[in-house]
Amino acid sequence: MTSPISTHKHHDILVVTSNNPPVNALGAAVRQGLVAAIEQAEGDASVKAVVIRCEGQTFFAGADITEFGKPPVMPWLPEVVDRIENCSKPVVAAIHGTALGGGLEIALGCHYRVAVSSARFGVPEVKLGLLPGAGGTQRLPRVAGVPKALEMVTGGGMIGAKEASDLGLIDRLIEGDLQQHAVAYAEEVKDIRPLPKSSERDDKLAEARANPGLFDDFRKANARKFRGFEAPEANIKAVEAALAKPYAQRVLDERNLFMGLMAGSQARAQQYFFFAERKASKIEGIPDDTRPRDITNVGVIGAGTMGGGISMNFLSAGIPVTIVEMAQDALDRGTGTMRKNYEATAAKGRMTPEQVEQAMGALTPTLDFAALADCDLIIEAVFETMEIKQEIFTKLDAIAKPGAILASNTSYLNVDEIAASTSRPQDVVGLHFFSPANIMKLLEVVRGAKTAPDVLVTAMALAKKIKKVAVVAGVCHGFIGNRMLMPRQVEATKLLLEGATPDQIDRVHVEFGMPMGPFQMADLAGVDIGWHRDVNRIENIRDALAAEGRWGQKKNAGFYDYDDKRRPSPSARVQEIIDDFRTKEGVEKREISDQEIVERTLYTMVNEGAKILEEGMAQRASDIDVVWIYGYGWPVYRGGPMFWADTEGLDKIVAGLKNQEARMGSDFSFSQLLLDKAGAGEKFTR
Ligand code: 3H9
């Protein structure tokens, strides 16, 4: 087998090139090739310096994640980085694309780093439940300073070349041909001794040493963000060791912390999720050579919260949008909100004022429906009523150009029925954005019975362009995400009658790792959503709350009371309402355990997920996990409901549901797939 690492000499500089598509991951062959190349450089007296570079889209994007969990193949990445740093001749990293994780660690092992201005740098290991375990937690603080290193290792985000250069992470920014300039740089530095070694630098640690409270302050400031995760704390500890201990001990600490994380369940879940997210974009059952349609402009119907948020995605990606409303004041309000949102982003420094103007300049607000005639994709974002949607699609059918994609942002309704109101059901698809649509990453792409393959391919490609993660769902009530929410809500509400409090149920969910529980979510979304608006028709607890104007946070009263800073506290009035209902329904109050709440609200979700799978409404179990992590904040360290169920053991899930079956009554029925898999000792996810 040919090595992905090749070398050639350019006068007295040895150029080492990695060619390991798609992202130059540092698999065993790459690691072996790098060590061999360094040995070649040392063994050849005519070589004065080395340049390490990559072919393809990027510099090394990190360790090869597919190797994790398999028997290790030597040399280990930390040894490779050390070998580079200990090379007796200067080594220059020539960086383009993204130097990530082990890739950045390789660069830090090099004595010098040069990069093109589009290059980006990061240590995303924390997102895989890990830490930069090839010396990254030790070298990065020494080169970029402790505060920046802490931010990078615990956040996992990327920084641009300009910032990297300002930090001293990059020695020179290159304009023009990277290889040529890197070789020229190597010529410049080839005789300089001693060689600068990141692991031996101490200058940037002084500031942190003078401020021993820095680490605890950082922990406190980020406590909310890190809640439930193990990897951020391990990252902080490893950086802390960089300050306090001798090199050999520090490296050992890093290794031990890395191995501890790698053996844990969170890293497994987060690494599973890395691949789940990428798998989600693959559509089953369509020809591989299906080409997407061209989308150069988009129409959006409805300038409300959803329509505005949806439009912003396209505008931010440089795709012009025509937005249509029925009345001028609604149109003005909608576009005004969009501008305000952009300006708020600019105020945080995440956009320039010019970018705001550019985005808003690509928006055409209009009251004229016919203005949509030229759009390649038209997304309807109006009321969730079938009659209204069908009326709109019939109108669209009459004016949209041939080949235009007609999409509905429905969150529950039957996309096939909507499509049937047109003469071109093959062009109709559901695009279910999650609120706030300009922020939430998830997009459910609802595949109708007649949706054409190229429409689906277009939707998935477009999702990537607007930085969403798309998951294909079939036509069923609520699709994947909202459908699974329903059994949870039904059981949570019944549990109130049986003796649990909103506070207890929400606490169980928050302790599990959800951002909020079902009743906190109801208060945030609005207790009145979907309410029939008849104050005299009180059929359940929610009706009673809505009838009293307890519509949630917006009214400072819902399932909780809120103070003027929107801080919730349990409500005596809500308890009275619950108690009244209990008496009226003749339900006996009993002590509800936290475990029962888990079984009735989380296990039932797994059961519903299994039904979704067995009905073919999701392509794969991991897609369900992607929906719940990106759409509802399921803790990624538990890998999503289906992965979590596998971790718990499907037999345990089934036993828990059997425990509760009588209490759940006719609201519940078992998924056959769940029973079968549990019986056979199988899992949903591999
Ligand atoms: C690490 O370095 C540990 C060390 O500190 C210590 C060790 C001791 N390995 O994302 P894309 C695949 S941990 C294997 O769609 P993009 C990916 O699955 C690592 N495979 O492209 C996909 O395959 P497929 C730290 C990888 O252009 C294909 O490449 N590094 C890896 O949108 C294309 O990926 C990271 O966490 C990998 N490391 O984005 C970086 N990376 O086509 C992870 C990607 O079969 N990677 N693949 O579905 C990324 O963030 C993005 O892939 C990147 C490109 C930004 C590079």
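Coordinate-derived values only; no laboratory data. All of these numbers come straight from a predicted model, not from anything done at the bench. Here Cβ is always computed from backbone atoms with ideal geometry, including for glycine, and neighbour counts include all displayed protein chains.
Quick notes on this one:
- Net charge, Phe229 excluded, C-beta distance under 15 Å - Lys, Arg +1, Asp, Glu -1: +4
- Here the extension length gained between Ala248 and Met386 equals 42.9 nm, from 0.36 nm per residue of separation less the Cα-Cα distance.
- Label point distance in nm, Leu675-Ala184, each placed 7 Å from Cα along Cα→Cβ: 7.4 nm
- Over region 105-196, relative contact order from alpha-carbon pairs under 8 Å, at least 6 apart, %: 38 percent
- Equivalent-ellipsoid semi-axes of the chain, from the Cα gyration tensor, Å, largest first: 49, 32, 25
- Fully extended contour minus Cα-Cα distance, from Ser265 to Asp44, at 0.36 nm per residue: 74.9 nm
- Centre separation in Å (Cα based) which lies between region 53-114 and region 547-579: 55 Å
- Charge dipole magnitude, Cβ of K and R +1, D and E -1 - the chain, Cα centre, debye nearest 20: 1080 debye
- Length gained on full extension, Gln57 to Arg291: 82.0 nm, using 0.36 nm per residue less the C-alpha separation.
- Region 421-561 - Rg over Rh from alpha carbon coordinates, Kirkwood radius: 1.06
- Rounded to 0.05, the FRET efficiency of the Asp177 and Thr305 pair, given R0 = 56 Å and the Cβ-Cβ distance, is 0.70.
- Computed over region 533-675, Cα set: Rg, Dmax in Å: 18.4, 49
- Of all DSSP beta bridges confined to the chain, the antiparallel ones make up roughly 30%.
- If you plug the beta carbon distance of Ala373 and Lys554 into 1/(1 + (r/R0)^6) with R0 = 60 Å, you get a FRET efficiency near 0.95.
- Share, in percent, of DSSP beta bridges within region 298-477 that are antiparallel, nearest 5: 15 percent
- Relative contact order [Cα under 8 Å, 6+ residues apart], the chain, whole percent: 9 percent
- Backbone amide hydrogens, once placed in the peptide plane, bring Val51 within less than 5 Å of Leu14, Val15, Val16, Val92, excluding anything fewer than 5 places away on its chain.
- If the convex hull is drawn through the Cα atoms of region 5-263, its volume per residue in Å³: 117 Å³
- For region 5-263: relative contact order, % (alpha-carbon pairs under 8 angstrom, 6 or more apart): 18 percent
- Pairs from Lys9/Lys48; Lys220/Lys468; Lys401/Lys464; Lys127/Lys279; Lys340/Lys565; Lys70/Lys279 whose Cα-Cα separation, in the structure shown, is over 19 Å: Lys220/Lys468; Lys401/Lys464; Lys340/Lys565; Lys70/Lys279
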